[in-house]
Amino acid sequence: MPELKEYAKYVGSDVLDELELYAAKLKNVTVQNINSTAVGGGVAEILTNMIPLLQELGINVKWDVIKGGEKFFEITKKMHNALHGQEGNFSQEEIDNYLETNESNANQMNLHGDIIYIHDPQPCALIKRKQEVGGKWIWRCHIDFSRPDKLIWKFLKEYVEKYDVSVFSAPSFARELTIPQVLIAPSIDPLSDKNKDLSQETIDAVLERFKLDKNRPIVTQISRFDYLKDPVGVVKAFKQVRKSVDCQLVLAGGEATDDPEGAQVLAEVREVVENDPDIFLLLLPPASNIEINALQRASSVVLQKSLREGFGLTVAEALWKAKPVVASAVGGIPLQVAHKYSGLLTHSIEGTAFAIKQLLQNQPYAKKLGENGREHVRKNFLITRHLRDYMLLFLSLIYPEGDVVHL
Amino acid sequence: MSESHIEPFHFYTRQNLIYLTGKKAKNISELLAGIKELPLSSIYHHTHHYLEQFEFLTPEPPNDYAYWIKDILQDRLLGEEIASLDLRQFSTLEEIRNKIIEIIEASVERNAESLQRSAPPGEEFYFKKARSFIFPTKYISNNLNEFLECLKNVSIYSIYYHVFESRLRGSNNDFSTWLASSLNETELAREFLRLDPYSQTLDNLRKIFTRLIENRLKENTNART
């Protein structure tokens, strides 16, 4: 795992010095993180990256994982989808299983700490033990919450409102709640395989492997083959662009073999591609981080034409590589792209095509947007900012009064 | 002035935790209603975080309201009016709020059509508010040389706190106040004050302050030799 000092070349030692200032106010504070999985998925990745760094800063941060049977995880997956906006009917049996699993975890776990930090809906009902355990309780919602299914939200809200504070990733996820809602955006790690600097040889080797022409502009969207990422819309926009600019399109995402919907989307994309030799559909195995990094770095324009989005960290990844981005104004994307300053926000296939053409044909403008984007990510979406926000969140619970807190 | 009488300058830094209010606006009337209703910590956030978060945009719109009105609602005239609001004129958040309300109401009266403008879905104005945490840093200076060294090393957040937020604590600019009152460097203090910090990035501002002090130190050395 990287040490904190390795980030100095990206954010400056002044920023790291300040992290130590905040941490010094949290020396005797114990924080217990609880989520539902130790590996796989965004939350586990965040905790894996953040916890060692918080510990290096001298904060007593722990991480526990709840246990549950297959049925429990089926229910929480369904709950996750319903909170994402899909309709979902929950039987009493399912609700009972969810509550009983939380109850048995509460019995088996050593719930402790000055701050109990619960991630996502799976362990949310542990809050029933708040009075007994004491401490301050945080509920961190990592998922897109802009249009949750009403019934499941009504059920969950009853538990959420027992927490001291809730945390959301984007302003559009905020709800009407009786407890404070804090905005903490996720972050990218500049030292990870997906974001670290790559040599030109490595980038060229990846292009060669996928048979891309490095002498013609490449337009890329990195995302799984999912209706919500609108890959068909991306292909249609690209075909409009190509009427006036010679370029290539890369749609790269995880393999869809175990996801029936993914296979269906891929089939639809293939239909609209019509064997066009300049459109590359790349099905990448998991852990293709270097390949994704190289494809982003080789691109002239990066797209994220999603119809719905959680936070959309692929945008931050592209901006960090100083790439001009064309994206939809959904989820956390407007936080990352200030329209016409750090990228372009579009709302239609035609608008996306026009924006891509503008950027391919006006390189100084594209370069400026990319450079602005990199600076924006450096200040706001790197892991060091995330560490700062976590520490401020902890401090906000220790010092709950006043708009201005002098420490 | 002998150094034994000098009040040392303590550099502080300030970080904000951002809270979501759950309220949003899709047009100018809703924006105005939010500005009127929400607490001053919301006015503070929307007028004070922009420069830090989007400092690469300088000298573009220095606050959230101006950016949203100009680039999302596409009302360039009102956007420009809010953008050009000189926050240095105001010593309280209440005054800032009243002035913004006055400008928006005058604009709506002048041009009722602006009420029809609406933000595209997903680009609504989300009202937020902030809580500030102020930390003392290890940087303390007793003279101009030490001040220069500190200024080179503190974070941009510290510079922001002492230059931009000082007005809300009743001081024009903490640096110039200290330079004048503790070091008797009145001309240097005036030069600091003359700068319009809103037209610079924070890193640039640091460079300019540094250069001004270095020039002053050179003058002192030349005067002695």
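The values are calculated or read from the model by the stated rules, or taken from the named source; none is laboratory data. Just so it is clear, the model here is predicted, and its values are computed rather than measured. Please note: Cβ atoms are built from the backbone with ideal geometry, for glycine as well, and neighbour counts cover all protein chains shown.
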Could you tell me whether region B:127-139 includes any residue that is modelled with pLDDT under 95, of a type in the set (S, T, N, Q) and either assigned to a strand (DSSP E or B) or exposed (fewer than 13 other Cβ atoms within 10 Å of the Cβ) (or both)? yes
Quick check, is A:LEU57 surrounded by 15 or more Cβ atoms within 10 Å (Cβ to Cβ) and among the hydrophobic types (A, V, I, L, M, F, W, C)? yes
Where residues in region A:381-402 are surrounded by fewer than 18 Cβ atoms within 10 Å (Cβ to Cβ) and within 9 Å of chain B (Cβ to nearest Cβ), which of them is modelled with the highest pLDDT? A:TYR399
Test: B:GLU123 is among the acidic types (Asp, Glu) and assigned to a helix (DSSP H, G or I): no
In this structure, is A:VAL250 of a type in the set (Val, Ile, Thr), more than 21 Å from A:ALA329 (Cα to Cα) and buried (at least 22 other Cβ atoms within 10 Å of the Cβ)? yes
Do you know which residues across region A:119-158 are touching a strand residue (DSSP E or B) at 6+ places or on another chain (Cβ under 8 Å), over 17 Å from A:LYS77 (Cα atoms) and not basic (Lys, Arg)? A:LEU126, A:ILE127, A:VAL133, A:GLY135, A:TRP137, A:ILE138, A:TRP139
Within region A:24-32, is there a residue that is out of contact with any helix residue (DSSP H, G or I) (no Cβ under 8 Å at 6 or more places or on another chain), closer than 30 Å to A:SER146 by Cβ and away from every other protein chain (no Cβ under 14 Å)? yes
In region B:142-187, what residues are in contact (Cβ under 8 Å) with a residue 24 or more places away in the chain, β-branched (Val, Ile, Thr) and assigned to a helix (DSSP H, G or I)? B:ILE156, B:ILE159, B:VAL163
Please verify whether region A:23-42 includes one or more residues that are more than 24 Å from the chain's Cα centre (by Cα), in a helix (DSSP H, G or I) and not basic (Lys, Arg). yes
From the residues in region A:1-46 that are within 22 Å of A:ALA287 (Cα to Cα) and among the aliphatic types (A, V, I, L, M), which one is surrounded by the fewest Cβ atoms within 10 Å (Cβ to Cβ)? A:VAL39
Report yes if A:ASP197 is among the charged types (D, E, K, R), away from chain B (no Cβ under 14 Å), surrounded by fewer than 20 Cβ atoms within 10 Å (Cβ to Cβ) and farther than 21 Å from A:VAL377 by Cβ, otherwise no. no
Selected residue (criterion: surrounded by the fewest Cβ atoms within 10 Å (Cβ to Cβ)) from residues of region A:208-240 that are in a loop (DSSP other than H, G, I, E, B) and charged (D, E, K, R): A:LYS211
Please count how many residues of region B:100-118 are modelled with pLDDT under 95 and among the aliphatic types (A, V, I, L, M). 3
Pair list, Cβ < 8 Å and 6+ apart or interchain, from region A:85-112 residues that are under 18 Å from A:GLY135 (Cβ atoms) to residues that are small (Gly, Ala, Ser) and assigned to a helix (DSSP H, G or I): A:ASN102/A:ALA125
Exactly one of these conditions fails for A:SER187: (1) surrounded by fewer than 19 Cβ atoms within 10 Å (Cβ to Cβ); (2) touching a helix residue (DSSP H, G or I) at 6+ places or on another chain (Cβ under 8 Å). Give me its number. (1)
Return the total of residues in region B:107-164 being closer than 26 Å to B:GLY22 by Cβ and at the interface with chain A (Cβ under 10 Å from one of its Cβ atoms). 15
Provide a single number: the residues in region A:20-53 that are over 27 Å from B:THR13 (Cβ atoms), modelled with pLDDT under 95 and β-branched (Val, Ile, Thr). 4
Suppose we keep only residues that are farther than 23 Å from A:GLY42 by Cβ and crowded, with 22+ Cβ neighbours inside 10 Å within region A:304-341. Which one would you say is nearest to the other protein chains (Cβ to nearest Cβ)? A:ALA338
